[in-house]
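Worksheet: one structure, shown below.
Here, each number is a calculation from the coordinates, and none is a lab measurement. This one's a predicted model, so the numbers in the text were calculated from it and none came from an experiment. Cβ placement follows ideal geometry from the backbone for every residue including glycine, while neighbour counts extend to all protein chains displayed.
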Amino acid sequence: MSSSQRWLLFWGTVLLWLALCFLLKALGIIGDPLGYFWPGFLLLAGIGLLFSALVPARPVVGREEEIVTVDRQDARQVSVEIEHGVGQIEVTGGAPPGAALTVSRGTGMKVSSRLEGDRLSVKVECGPSFAPVIGPESGIWRFRLTDEVPLTLSVESGASQMTLDLQDLLVTYCKLETGASSVTLIPPARVPSALLDVEAGAAALNVQIPEGVAARIRLKDGLAACTVDQNRFPPLGGRIYQSPDYDDAAYRVEIILEAGVSSVNIR
């Protein structure tokens, strides 16, 4: 569905609902029509948000999705901050040479960047990605980050279906805050020492640690159900799990995980 078609669908629905409210008023069934219009409108918008979060989006077929590119400006370090509402989001490597990142172009997105010395800070605000009016046409905010320089990454999201595949990136620090979400998180595979700080609400979190990467996993209180591959990461006590070769490994990651009513699988 094109952007113009989604706008037509949205406003058509609004006008039909408004007309129905005035019709019920004319028939003497309800009183103030606007008093019924706004609660119904919010209800329909909420259903759209939930539908987007739960139902996989369809890919754009027959043409390339429009993207926004942020130039790296020869920075030697990049900091990326992503604020996301509700829907689907995908963060991976694969930005073209010279770019700090690319992201799907969509309604409701704001991008800003600032270069200070050799460090580039990029902030992307991308709201809900639900039909019919908000987000990219595919329904997925797709981020491609640079693999040319070290990165720090911050992702704050609401009710989302999220993939953070960092294995090809030089992410030294990642902060993830999410609510009622389904999250797949893959740590970086070629960073000498990386730190992932995760705070999740009612989430289903699947952490896939690449082969050849040693890990130390610290679990804070509040986890409802947590499964850790203890063959790779034996328990040390105090809700800490660690690879036997962690101290001497060429590539390692420390994961600090705090979650509410969540299901967590780490392997």
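Scanning residues 5 or more positions from GLU254 or on other chains, those with amide H under 5 Å from its amide H are ALA194, LEU195, LEU196, ARG216, with H placed 1.01 Å from N in the peptide plane.
Based on the alpha-carbon gyration tensor of region 117-244 and its eigenvalue square roots a ≥ b ≥ c, which shape applies: rounded if a/c is under 1.5, prolate if not and a/b is larger than b/c, or oblate? Taking the square roots of the gyration eigenvalues as a ≥ b ≥ c, region 117-244 is oblate. In this calculation the C-beta distance from ARG105 to LEU16 is compared with R0 = 30 Å, giving a FRET efficiency of 0.55.
Taking Lys and Arg as +1 and Asp and Glu as -1, the other residues whose beta-carbon sits under 15 Å from that of ILE256 total 0.
Amide H contacts under 5 Å for ILE67: ARG105, restricted to partners 5 or more places along the chain or on a different chain, H placed in the peptide plane at 1.01 Å from N. Phi angles of region 83-91 translate, via the Karplus equation with coefficients 6.51, -1.76, 1.60 and θ = phi - 60°, into HN-Hα couplings of 10, 10, x, 10, x, 10, 9, 9, 10 Hz per residue; Gly and Pro are given as x.
Summarising the amide proton neighbourhood of ALA99: residues at separation of 5 or more, or on other chains, whose placed amide H is nearer than 5 Å comprise ARG72.
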